[in-house]
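Right, one structure below, let's go through it.
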Amino acid sequence: MDNVIEIRGVSKEFKEFSFDSIDLQIKQGYTTGLIGANGSGKTSLIKLIMNLLQPDKGEISVFGLDYATHEKVIKDRIGFVYDSNIFYESLNLKDISKIIAPSYKHWDSMQFKAYVDQFELPLKKPIKKLSKGMQMKASIALALSHHAELIIMDEPTAGLDPTFRRELLDIFQEVMVNENRSILFSTHTTSDLERLADYIVLIDQGEILFHQRMDELQEKYSIAKGNSDLLDRDTEAHFINIERSQDVFQALTINAAQVQKVFGDYIVMEKASLDDIMFHMKAAHRRNIHK
Amino acid sequence: MFNLIRKDLVIQKSQILLFIPFIMFFAIFGDHMSPFFIFLITSLYIPLNGYIYDEQVESNILLNSLPYRRKEIVAAKYIGSVVYMFLSIVIASIILYLFNFDFTLQDIAIATGLFFLFTAIAFPFFYILKPGYVGVAALIGMVVFAVVLPPALRFLAEHLTAITEFITSLSTATLYLSGAVISISLFLISWLVSQTIYQRKVL
């Protein structure tokens, strides 16, 4: 089987936005980064995939199975990490693992102990007394100790300081290399993904703007920088979105060669970072909505 | 399922330590109280605490992300509450007996009936209420239950003589049997109601 998650024609209404018949396939054995601004629908999409929310219309299958008949089998094979603490705060990690462990068929207490040692997690301290970073590590240790085939993480790096963030990213990388796991990972900090993700999904206001391989993305998109005088109605047409500040502009294009030909040496071309792509795609999307 | 029932004990570990002193307190200072009321309060202790702990954090997200169906999560609460009620009554009986506190099987029967009645009414509300209100609601519910029930029964006894005459005309066995059938039926209906509510709940 090729896709670990398949979303087909899913619609769901929310207060701020809605999913309108979206389709998305997440590849098995790869790391997919789900990016978008705060409130773009990332968490809601993850909740739909975890069956915490049910779609109004459409189908979601995980491991090729549907939730209506295989809910337990599916969740037995998923490891989850959420951005806020969902564990009983007054309990310590040891008690929490006592609750979680028997829920899974393949809980591996040796593995769990190894992570606890590696992350230097205190077993006897109540969860609420741990720092945000330690809580996140505890949550990751719990998610990775039952040989899950799919790891779903919602903003695992949110609210962490840079050193901690980096440490976490190293851990993720290790996890990915060691086993043939599929990982779906949402974040609004795109730099997290540049070294980790194989595929990127960009979402804005419940709409999937693209789903592409990371390397293709970096080849496809370029940033052009130059003097605003160069822009007129004809030349602007080469760009997806243009950001102007004072007399200079910065614009995203998928036609680097064409742009270079038109503008010659008057502009500077650069590779677009994920941040650039996210920023310009979102701006273009919002502009199209309001047209 | 067993794991979900056991979970309610694990999460209130520190409260469980207070459980036995809690009953002993009644055994020593509760001599003006009806024994059935002591049994009722002790039997509700663990199930109610379980709900209160569960809603302090987003345990709904946790439990539903683990391999459980929503039906099982509700079933564990209902079955678990009966299990814990039974165990609590056994423990309370032993303690009261040790403290020479007089009680009869009748007290236990009445407490069990009222337990089913109280949980049948209260549990569905716990699935409707917003997090943070379960503790308050349970407390208010208990007080209302304790305050309203005796005068209500007295009112019935005084003013609806037809009913009381009918009830007194029944044999004790029929009376207890019908009481049991009614309270357990209400409990089972409540279970179905909670299950329906929880299945539609937005997490």
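Read-outs: derived from the displayed coordinates by stated rules, not from any lab. Keep in mind that what you see is a predicted model, and the values were worked out from it rather than measured. For neighbour counting, all protein chains shown are included, and Cβ atoms are generated from backbone atoms with ideal geometry for every residue, glycine included.
Dimensions of segment A:219-290 along the principal axes, based on C-alpha atoms and rounded to the nearest Å, stand at 32, 25, 20, largest first. For segment A:4-92, trypsin sites (Lys or Arg not before Pro) meeting the loop criterion (DSSP other than H, G, I, E, B) and having at most 11 other Cβ atoms within 10 Å: A:Lys15.
In this simple spin-label model, placing a label point 7 Å from the Cα along the Cα-to-Cβ direction at both A:Asn3 and B:Leu177 gives a separation of 6.1 nm.
Using the Cβ-Cβ distance between B:Ser185 and A:Leu65 with R0 = 56 Å, the FRET efficiency computed as 1/(1 + (r/R0)^6) comes to roughly 0.90. The protein assembly as shown has equivalent-ellipsoid semi-axes of 59, 25, 19 Å, by the square roots of 5 times the alpha carbon gyration tensor eigenvalues, sorted largest first.
Within chain A, what's the longest stretch lacking GluC sites (Glu not before Pro) that sit in DSSP loops with no more than 16 other Cβ atoms inside 10 Å? Here the longest run is A:180-291. Pairs of Cα atoms nearer than 8 Å and 6+ residues apart set the relative contact order; for segment A:219-290 it is 40 percent. Stokes-Einstein, applied to the Kirkwood radius of chain A over Cα pairs at a viscosity of 1.306 mPa s and 10 °C, places its translational diffusion at 76 µm² s⁻¹. Per-residue 3J(HN,Hα) values for segment B:179-190, derived from phi via the Karplus relation 6.51 cos²θ - 1.76 cosθ + 1.60 with θ = phi - 60°, read x, 5, 4, 5, 5, 5, 4, 4, 4, 5, 5, 4 Hz in sequence order (x marks Gly and Pro). Computed over all pairs of different Cα atoms, the Kirkwood value for the hydrodynamic radius of segment B:2-200 is 18.1 Å.
Relative contact order of segment A:13-83: 19 percent, from C-alpha pairs under 8 Å at least 6 residues apart in sequence. Phi angles of segment B:32-41 translate, via the Karplus equation with coefficients 6.51, -1.76, 1.60 and θ = phi - 60°, into HN-Hα couplings of 8, 8, 6, x, 4, 5, 4, 4, 5, 5 Hz per residue; Gly and Pro are given as x. Cross-link partners for A:Lys124 among the aspartates and glutamates, with Cα-Cα distance under 14 Å and sequence neighbours closer than 8 places in the same chain left out: A:Glu89, A:Asp95. Here the simple spin-label model places points 7 Å from the Cα toward Cβ, and for B:Phe166 and A:Ser191 these points are separated by 7.7 nm.
Computed from point charges on the beta carbon alone (+1 for Lys and Arg, -1 for Asp and Glu), the dipole magnitude for the protein assembly as shown about its Cα centre is near 1020 Debye.
Is segment A:46-87 best put as rounded, prolate or oblate by its Cα gyration tensor, with a ≥ b ≥ c the root eigenvalues, rounded for a/c under 1.5, and otherwise prolate when a/b is larger than b/c, oblate when not? Oblate, since a/c reaches 1.5 and b/c is not below a/b.
In segment A:51-145, if the dipole is taken from +1 on Lys/Arg beta carbons and -1 on Asp/Glu beta carbons about the Cα centre, which of A:Leu121, A:Ser84, A:Pro55 is farthest to the positive end? Among A:Leu121, A:Ser84, A:Pro55, the one farthest towards the positive end of the dipole of segment A:51-145 is A:Leu121.
Here the extension length gained between A:Leu123 and A:Ser109 equals 3.7 nm, from 0.36 nm per residue of separation less the Cα-Cα distance.
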